[in-house]
Amino acid sequence: MATTLLRPDQTFYPSPRLAAKAPVETLAYMVTFDPSRKKPDGLVTLDVDPGSKSFGKQVGRVDAPNVGDEFHHFGWNVCSSALCPYAAHPHLERRYLLVPGLRSSRIYVFDIKPDPKQPKLVHTIEAQEIAERAGYSRPHTIHCGPDGIYVSALGAPDGNGPGGIFVIDHDTFAVKGRWELDRGPQELAYDFWWHLGYDTAITSEWGTPNMVEGGVNPDLLLAGNYGHKLHIWDLPKRRHRQEIDLGPEQQMVLELRPAHDPSKAYGFVGVVVSLKDLSSSIWTWYLDGSTYKVEKVIEIPAEPANPDDLPPLLKGFKAVPPLVSDINLSLDDRWLYVSAWGTGEFLQFDVSDPFKPKKTGSVHLGGIVRKAPHPKSGPLNGGPQMVELSRDGKRAYLTNSLYASWDEQFYPDGIKSWATSIHAKPEGGLSLDEGFFSTFEQRTHQVHLQGGDASSDSYCYS
């Protein structure tokens, strides 16, 4: 199914510096899902060319052949890591998008090459294959990496732990098997990334399928039972090396964003909520000698609120938690972007010094109480959630839905889904793109950009 090329794909770049100079994107791909599970989820193509008459609008869509998948995070079959010297596969091309159903455990493979605006479904990996070959279920995050396509999974087929990572073949899309040879104490799973220059992988924690699929479980949350650890792995040996506990009060250690420069061994992780005060936080992990350590570098406080304005889950707290649900890092490792889904704030930090971030910009859209409007809308619900950043660092793309069962708890009036773009100024600062604000019948989730973006690729050269 894969195509052999005589030269590397032109969207592959040896280093993040070169990738930042890539041509500006004109198309974006976004997944949408039906929370009622009555209509098929879809892969939507957006026109993101400001000079186009259809700028910011849907220009293509392909539906899944089933219902109830709940499309979530997705990724490319191959990317710039194909140029790494120890696991090179530059003969492949960035052609296929792999889209998992977080509830169905299927993975759909869409081909964008024949018509980039109208991808075509060419292969389906069924849940049974993932279960039989890897022992996992509920595929969550996909990264194109050395010698294969890496996929995190929240748990086992019965909905319990452990969660982990499995690998898919670049050429055939067959499931190779479970990645871990020795998982040590790791039980919960969520995101994963790596420092290719240090032969190191990092994984984070959310909860098992049985812990998250019905929504936030208050008893589990208040007991500190959701994920609160990072795990450090020997990447080539596939063995657990170190566990870092942020403390049980730090609940849901989710999105990982390592430095793009492979000579640097640090990165950022977002924590959804603190049981101490409902704040959210950003932590920096870093290599100190032969071990990794972690330090809290940003704290975003909860905002006091009238209980009458809050959903039942939050009334007793009399406050709106930020609920940091996604973060992203520019290719030059300077700007960190943070989505506070609960308060409706999208923040920018200068992280030139990763231990001393400086807040440089903020805009509001939606929010549980604020319901901040866009210039092209009335009051909005949902809030900045998934964020994707262009390779040149000048545009951030936002969507507003988190996960169907969690949407209902925090936004019980329902979420009217939207997608928009934010201008990021080279010297720091954010502003709304008044020309790009679109609403959708289905709920919007992750966005990826044609040719790659700030969270799609990893690099082996500086």
Study note, to complete from the structure: If amide H atoms are modeled at 1.01 Å from N in the peptide plane, then the residues at a separation of 5 or more from Gln446, or on another chain, having amide H under 5 Å from its own are Val31
Revision key, fill the gap. Computed on Cα atoms, the radius of gyration and Dmax of the chain in angstrom are 20.2, 64
Review point. From a point 7 Å beyond the Cα of Asp234 in the direction of its Cβ, which residues of segment 280-311 have a backbone N at a distance under 19 Å?
Key: 287-293
Review point. Distance from the Cα centre of segment 285-336 to that of segment 142-174, in angstrom?
Key: 27 Å
Check your understanding: What lysines sit close enough to Lys358 to cross-link, taking a C-alpha to C-alpha distance under 19 Å and skipping anything fewer than 8 places away on the same chain?
Key -> Lys296, Lys394, Lys425
Practice item. Would you mind putting 44-54, 198-208, 113-123 in packing order, based on average other-beta-carbon counts within 10 Å, highest first? Key: 198-208, 44-54, 113-123
Practice item. Mind running the shape call on segment 248-376? Use the C-alpha gyration tensor, a ≥ b ≥ c as the square roots of the eigenvalues: rounded below 1.5 for a/c, prolate if a/b tops b/c, oblate otherwise. Key: oblate
Review point. Using only helices, what value at 222 nm comes out for the chain when you add -39,500 (n - 2.57) per DSSP H run of length 4 or more and divide by the total residues, to the nearest 500 deg cm²/dmol?
Key: -1500 deg cm²/dmol
Revision key, fill the gap. Yeah, segment 151-204 with a ≥ b ≥ c from its alpha-carbon gyration tensor (a/c under 1.5 is rounded, else prolate when a/b outruns b/c, oblate otherwise) is oblate
Check your understanding: What spacing in nm lies between the two simple spin-label points modelled at Tyr198 and Arg334, each 7 Å away from Cα in the Cβ direction?
Key -> 2.3 nm
Point to revise | Alpha carbon centroid spacing (whole Å) that separates segment 407-439 from segment 225-283 | key: 26 Å
Point to revise | Accessible-area value, Ser438, 1.4 Å probe, nucleic acids and ligands omitted, Å² | key: 10 Å²
Practice item. With a 1.4 Å probe and every protein chain left in place, work out the accessible area per residue of the chain in Å², rounded to a whole number. Key: 35 Å²
Exercise for review: State whether segment 166-324 is rounded, prolate or oblate according to the following rule on the C-alpha gyration tensor (a ≥ b ≥ c being the square roots of its eigenvalues): a/c under 1.5 gives rounded; otherwise a/b larger than b/c gives prolate, and the remaining case gives oblate.
Suggested key: prolate
Point to revise | Reciprocal mean inverse distance between Cα atoms of segment 216-257 - Kirkwood radius, Å | key: 11.6 Å
Exercise for review: Averaging over all projection directions, find the projected area of the Cα convex hull of segment 1-160 and quote it in nm² with one decimal place.
Suggested key: 11.0 nm²
**Study point:** Exposure of Ser104 as accessible area (Å², to 10), given a probe of 1.4 Å and all protein chains
**Key:** 30 Å²
Study note, to complete from the structure: With R₀ set to 30 angstrom, the calculated FRET efficiency between the beta-carbons of Ser431 and Arg37, to the nearest 0.05, is 0.20
Study note, to complete from the structure: Counting only DSSP loop positions in segment 245-326, the trypsin sites (Lys or Arg not before Pro) whose Cβ has at most 16 other Cβ atoms within 10 Å are Lys276, Lys318
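The values are calculated or read from the model by the stated rules, or taken from the named source; none is laboratory data. Since we're looking at a predicted model, the values are computed, not measured. Note that each Cβ is placed from the backbone with ideal geometry, even for glycine, and that neighbours are counted across all protein chains shown. We work out accessible area using only protein heavy atoms, side chains counted, and drop any ligands, DNA or RNA first. Shrake-Rupley method; radii C 1.70, N 1.55, O 1.52, S 1.80 Å.
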